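The values are calculated or read from the model by the stated rules, or taken from the named source; none is laboratory data. The shown structure was predicted, so the numbers you read here are calculated from the model rather than taken from an experiment. In this analysis, Cβ positions are derived from the backbone assuming ideal geometry, glycine residues included, and neighbour counts consider all displayed protein chains. All accessible areas refer to the heavy atoms of the entire protein, side chains included, with ligands and DNA or RNA removed. Shrake-Rupley method; radii C 1.70, N 1.55, O 1.52, S 1.80 Å.
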Amino acid sequence: MARNIQSLERAAAMLRLLAGGERRLGLSDIASSLGLAKGTAHGILRTLQQEGFVEQDDASGRYQLGAELLRLGTTYLDVHELRARALVWADDLARSSGESVHLGVLHQQGVLIVHHVFRPDDSRQVLEIGAMQPLHSTALGKVLSAYDPVAHSEALDAERKAFTDRTVCDPADFEHLLDITRARGYAADVEETWEGVASIAAPIHDRRRMPVGAVGITGAVERLCRDGELRPELIAAVRDCARAVSRDLGAGRF
């Protein structure tokens, strides 16, 4: 029989300890609770911290579970289930808006498109399922960055490339955009990623009200905007679609 890897067992025990009882624990508390030397406990905690599984409070020096566990904790929600729940609502959004609809999730420091409904006209279009979009410039990416702490960290840590002269790259300006996104409940991309193209997106939440994806529409600026502003009826349609999918996932009313 294969032997268990002791360091992994200790790391797992540490995560279980932090998941129960007090919200934050000091190094001495963790070491004594698990019967470990402080040096051993500190080495494991440092590794878990580097991987995002544990965070250390700057003021107290105590440890708590990290944001990466949020990402792992939501993997019970299979992407196929998310897509299945969104199918009807995405079709309805495409019909009502007259634009293409994309469903995206966080993946490898970007937005992975897991569902794409074509614009309901006779124009030639390319299926974009499996394509990746940047976090910092697209409407889908900004929604994920605003609501998902892992996406937020990845967007700030990554190189924010200027795709057009409208792309927001400065960290402080990007944080301000995320504040606006959270306050409004949706994100916009007006020629920040592609010239002549605009997008609107809103967050999808699961039954624990955790962000699990985003849905949005994409189209020509002249169709999505009127008098230099995004059309309010399109914003409302995107937000209604996101709420409907969230309700189907058990999130209740937002």
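Where does each of D29, D173 land when they are ordered by accessible area, with a 1.4 Å probe and the largest first?
On the way: D29 60, D173 90 Å².
Correct descending sequence by accessible area is D173, D29.
What FRET efficiency do you get for R223 and K161 if R0 is 30 Å and r is their Cβ-Cβ distance, rounded to the nearest 0.05? Provide the component values of the computation, followed by the final result.
Values: r = 26 Å, r/R0 = 0.87.
Calculated transfer efficiency: 0.70.
What FRET efficiency comes out for the pair R46/E175, r = Cβ-Cβ distance, R0 = 30 Å, nearest 0.05? Provide the component values of the computation, followed by the final result.
Values: r = 28 Å, r/R0 = 0.92.
Between R46 and E175 the formula returns 0.60.
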For M210 and L127, extending 7 Å from Cα along the Cα-Cβ vector and measuring point to point gives, in nm, a value of 3.1 nm
I want to check the label-to-label distance for Q109 and L34. Put each point 7 Å from Cα in the C-beta direction and report it in nm to one decimal.
2.8 nm
What is the percent carbon and sulfur in the accessible area of the chain, measuring with a 1.4 Å probe over the protein chains and ignoring ligands?
50 percent
Quick check for me: using +1 on Lys/Arg Cβ and -1 on Asp/Glu Cβ, what's the dipole size of the chain about its Cα centre, in debye to the nearest 20?
1060 debye
A19 versus E195, label points 7 Å from Cα toward the beta carbon: distance in nm?
5.1 nm
Given the C-alpha centroids of the range 188-209 and the range 74-149, what is the distance between them in whole angstrom?
9 Å
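With every protein chain present, what is the per residue accessible area of the range 127-254 (1.4 Å probe, Å²)?
On the way: 5750 Å² over 128 residues.
Result: 45 Å² of accessible area for each residue.
Working with all protein chains in place, sort F53, F163 by solvent-accessible area computed with a 1.4 Å probe, largest first. List each step's numbers first, then the result.
Numbers: F53 50, F163 85 Å².
These residues rank, largest area first, as F163, F53.
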